[in-house]
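Here the structure comes first, spelled out in structure tokens, and everything after it is commentary.
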Amino acid sequence: MSKRIDRRSFLKQAAVFGGAALLPMGDLMLSRQPATVLLSPGGTNLDQVWLSPGFRVNSPLMSDRLKQTIINWIPWCYSQLNNTSLAEGGINNFIQAARKLSGQSYSSHVGYWFSNAYVLNTFESMCIACMLDPQGDSAITSAQNAFRSYIDNWLPRILAACESDGYMQTWTTLGNHARWSDRAAHEGYVAGYFLDAAMAHYLMTDRSDATFYNAAKRLADCWYNNIGPSPKKTWWDGHQGMEQSLCTFARFVNDHEGGGVGNKYYELAKFLLDSRCCSGTYDQSHAYPVDQTTAVGHAVRAVYMYSGMIDVAMLADSNSYYNAVNTIWDNMINRKLYVTGGVGSGETSEGFGGDYSLPNDAYCESCSGCGHLYLQYKMMLAYQDARYADLAELTFFNAILGDLDLSARNYCYTNPLDQDWSRYNWHSCPCCVGNIPRTLLSFPTWMYATDNGGLYINMFIGSTVSVPNVGGTTLEVVQSTNYPWDGNVSITINPATSANFTVRVRAPNRDVSALYTYTPEASGFTSISVNGSAITPAMNKGYAEITRAWVAGDRIDIVLPMPIQRVNAIDNVAADRGRVALQRGPLIYNIESVDQNVGLTLDSNAPLSVQWNGSLLNGVNTINGNFNNGAALTAIPNYARNNRGGRSIVWMLERKVAGTPTATATTPPPQTDPVTWYRFDESSGTTAADASGSGRNATLVNGPTWVSGAINNAVNLDGSNDYISIPGGIVSGLGDFSIATWVRLDSISSWSRVFDFGTGTSVN
């Protein structure tokens, strides 16, 4: 019986072998159809749930993550940005702008054009943190007391940097730059964050202190009075952000003041988008937004713009914007989404690559994770479809929850899926430092949405949140759950007064993208009951609909299926061919070199189990099993990666095994896995590891060099004296075998050898 080296497995790699560079496969074969593109919402848009003081968190996982963020990360950001000598620019730019505006001597602007942004994000984070009920935790209470002092210190400095008509951008003010003359100046990007921070401050004070809110209205009015149809100025900003913030501000003003007072702000957002054209893909200005079809360019700018586009579609009831954003969404989710919910491969400048190009040295900037969450939440508001909440949850628990390390003293600017470095406490471009905590702390917004007919429950986090205007009353919604460690969720609905309305509970669907297959399926509910009685609710767009007269204490209990899922990428995704990822619930898992050799191979039918380890990484469920050589496998949640040093990877090598074959001594089963598999991913040394798990490592002889390959690394041979030597006996006993590789030949003589087998040229 013959054994063969599997051709498909060999073709999934990139390296240089036998004197020529190996290139990835060029075939593209779709195994699944993309999701149906929705063109219009066909219903009433949902209302965003605003934060309010006193929300609680009781989830063990989230309680710890939020506490560390509040007591460690935000104070660190404040101390850095309050340093008047900070090279990247901080609060001192506001101080100097105020000095100039008041006729005093001043110093020049420091740092990037957008350095105001991380100050405003950190200010917003402090405001949201002060709204969390500390529930007697003295460390959180102490941090909140400090934040109130910091807010009192910063707020007058920020407002004093505003010019007489409300305009604020310290780079413009201090540098005597003309307003709206340089698209690289990030004026709208900073202005959007100004609006966001003002709303958070107003909510923190329970809408009692309108100081910052009024300043935000003046800034938005300044833009509205100057930017727009003739005789106003036509303009769009190089870095999007103001568009989505203007739309949120429009909702906020209308909610607070009524009468459509805020409508002009979303009209301005639409004008900024309508004017965007005729430049390049980097900032998504290659075509008018309504004519764009693919996710391109800088990923943060992109997802901020797409979020603003769906906002405009909803608020202006624009079919052209609905159509465009859905077409872009389909391209991004079904061709360019990482399994962690991250976006942006980094193959273009901090941006998207081509379709299906998802290398595991991904960029996945932390800010793009935040923007991706905003986008999916807004899509959910527009379409009342749980598919968008599924994606928001994936991004929240994987792309955002792990941006900070477990002690919340260090963070990632980028979030690759193959990472061998630790997080750091600062970055020369600190745009993410305040964006991460403001997004994480805003979890009540991501959890809920409302309409005139009821409540939408989108995420499951142990917490107590007040939700106004549901069925004519205010609700206290209490979730008791240990999710994502298990699938049991108890939701208590406490209306201030008894009322009839519909509660829609998301039935999670883990199969979120046509890029990946998930085995076994783990969607929907295992069970659902109301006040202890099992029900069979109507299902609509992924939500279980429960309509009744609700009274305080009514309880919905759900059990979510939580099997370990194997995730495989479709064949188009070259980087993940022959690999598998693990997922349980919303959590993607990693294997780390501190626990095992991450180059080992997992059989597709290898049994896996879940075990709680309270002493590991602040308490996690691990996924356990064995690689095909018998070595133990331990996988940990992606958010907890790289807290112990070493290398952490999402996608591990997989050997496809149909089952346990029946075999006899004389008729061995066919071997469909590779006998030997050299990935050439090393970057130094003279050893090329055998990725098949068989231990047949190869040796680089006479000085081959490691170079960058089409994917990861490769070996460069000079074509004369150097070569790669593989162990003897590798094909011994095989009746036949095949060898498959890709090579790049820099030059070709009359004949060129790639492989030699034997002991010399006469006995090959």
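The values are calculated or read from the model by the stated rules, or taken from the named source; none is laboratory data. Since we're looking at a predicted model, the values are computed, not measured. All Cβ positions, glycine included, derive from the backbone under ideal geometry; neighbour counts span all protein chains shown. With ligands, DNA and RNA removed, areas are computed over all heavy atoms of the protein, side chains included. Shrake-Rupley method; radii C 1.70, N 1.55, O 1.52, S 1.80 Å.
Give me the number: length gained by fully extending Ala534 to Asn225, i.e. 0.36 nm times residue separation minus the C-alpha to C-alpha distance, one decimal in nm.
Numbers: separation 309, 0.36 × 309 = 111.24 nm, distance 5.73 nm.
Using 0.36 nm per residue and subtracting the Cα-Cα distance, I get 105.5 nm.
Among residues other than Pro537 whose Cβ falls under 15 Å from its Cβ, what is the net charge (Lys/Arg +1, Asp/Glu -1)? Each step should come with its number before you reach the end.
Details: positive: Arg504, Arg506, Lys541, Arg548, Arg555; negative: Glu545, Asp554, Asp557.
For residues surrounding Pro537, the net value is +2.
Can you list the HN-Hα couplings for region 283-292, worked out from phi with the Karplus curve (6.51, -1.76, 1.60; θ = phi - 60°), rounded to whole Hz and with x for Gly and Pro?
10, 6, 10, 6, 7, 4, x, 5, 9, 7
Give me, ordered by chain and number, the residues 5 or more places off Asp603 or on other chains with an amide H under 5 Å from its own placed amide H.
Residues meeting the amide H criterion: Asn628, Arg655.
Can you sort His177, His239, His427 by solvent-accessible area, 1.4 Å probe, largest first?
Details: His177 75, His239 10, His427 50 Å².
Largest accessible area first, the residues go His177, His427, His239.
What Kirkwood radius, in Å to one decimal, follows from the Cα pairs of region 577-637?
On the way: mean 1/r = 0.0830 Å⁻¹.
One decimal place: 12.1 Å for the Kirkwood radius.
How many nm is it between the label spots at Lys233 and Asn425, if each spot is 7 Å from the Cα in line with the beta carbon?
For the pair Lys233/Asn425, the computed spacing is 4.1 nm.
Could you run the Karplus curve 6.51 cos²θ - 1.76 cosθ + 1.60 with θ = phi - 60° over region 434-440 and give me ³J(HN,Hα) per residue in whole Hz, x for Gly and Pro?
Karplus values, whole Hz, x for Gly and Pro: x, 5, 4, x, 5, 6, 4.
Among the lysines, select those whose C-alpha is under 21 Å from the C-alpha of Lys270, and discard any that sit fewer than 8 residues away in the same chain.
The reachable lysines, counting only those whose Cα sits under 21 Å from Lys270, are Lys217, Lys232, Lys233, Lys378.
When N is the residue count of region 403-464, what does its C-alpha Rg come to as a fraction of 2.2 N^0.38 Å?
Working: Rg = 16.0 Å, N = 62, 2.2 N^0.38 = 10.6 Å.
Normalised Rg, Cα atoms only: 1.51.
Just how many % of Cα pairs in region 342-410 lie over 14 Å apart, if you round to the nearest whole percent? Display every interim value, and only then the final one.
Numbers: 1473 of 2346 pairs.
Counting every Cα pair in region 342-410, those more than 14 Å apart make up 63 percent.
If each of Asn613 and Asp486 carries a label point 7 Å out from its Cα toward its Cβ, how far apart are those two points in nm?
Here the modelled spin labels are 2.1 nm apart.
Mind listing the long-range amide H neighbours of Asn469? Cut-off is under 5 Å, sequence gap 5 or more, other chains count too, H placed in the peptide plane at 1.01 Å from N.
For Asn469, the qualifying residues are Thr474, Leu475.
List the residues, sorted by chain then number, that are 5 or more residues from Ala688 or on another chain and whose placed amide H is less than 5 Å from its amide H.
Result for Ala688 returns Ala698, Thr699, Leu700.
Rounded to the nearest whole Å², what accessible area per residue is found for the chain with the 1.4 Å probe?
Working: 27420 Å² over 764 residues.
Result: 36 Å² of accessible area for each residue.
Stretch Asp255-Ser498 to full length: gain in nm at 0.36 nm per residue minus the Cα-Cα span?
Values: separation 243, 0.36 × 243 = 87.48 nm, distance 2.38 nm.
Using 0.36 nm per residue and subtracting the Cα-Cα distance, I get 85.1 nm.
When the gyration tensor of region 454-511 is built from Cα positions, what are the square roots of 5 times its three eigenvalues, in whole Å, from largest to smallest?
Numbers: eigenvalues 102, 34, 13 Å².
In descending order, the three semi-axes are 23, 13, 8 Å.
Kindly list the residues of region 641-657 that lie in the label zone of Ser683, defined by a backbone N under 17 Å from the point 7 Å along the Cα-to-C-beta vector.
642, 645-650
State, as an integer percentage, the relative contact order of the chain based on alpha-carbon contacts under 8 Å between residues 6 or more apart. If you can, show how the numbers build up before the last one.
Numbers: 1717 pairs, mean separation 132.2, N = 764.
Computed value for the chain: 17 percent relative contact order.
Can you match mean projected area of the Cα convex hull in nm² to one of these, [x] 32.8; [y] 40.0; [z] 36.6, based on a calculation from the structure here?
Computed from these coordinates, mean projected area of the Cα convex hull in nm² corresponds to label [z].
What FRET efficiency would be calculated for the residue pair His177, Thr84, taking the C-beta separation as r and a Förster radius of 25 Å, to the nearest 0.05?
On the way: r = 22 Å, r/R0 = 0.89.
Efficiency at R0 = 25 Å is approximately 0.65.
Put Arg218, Arg387, Arg276 in order of accessible area, largest first, 1.4 Å probe: what do you get?
Numbers: Arg218 105, Arg387 70, Arg276 0 Å².
Descending order: Arg218, Arg387, Arg276.
Enumerate the calculated ³J(HN,Hα) couplings along region 188-193 in order (Karplus 6.51 cos²θ - 1.76 cosθ + 1.60, θ = phi - 60°), each rounded to whole Hz, writing x wherever the residue is Gly or Pro.
These are the phi-based 3J(HN,Hα) values: x, 4, 5, 4, x, 5 Hz.
How large a share of the accessible area of the chain, in percent, is made up of carbon and sulfur atoms when the probe is 1.4 Å and the other protein chains stay in place? Don't jump to the answer; show the numbers that get you there.
Values: 13020 of 27420 Å².
Taking all protein chains in place, the chain shows 47 percent carbon and sulfur surface.
Extending each Cα 7 Å along its Cβ direction at Asn624 and Ser320, get the distance between those two points in nm, one decimal.
Each label point lies 7 Å from its Cα, and together they span 6.0 nm.
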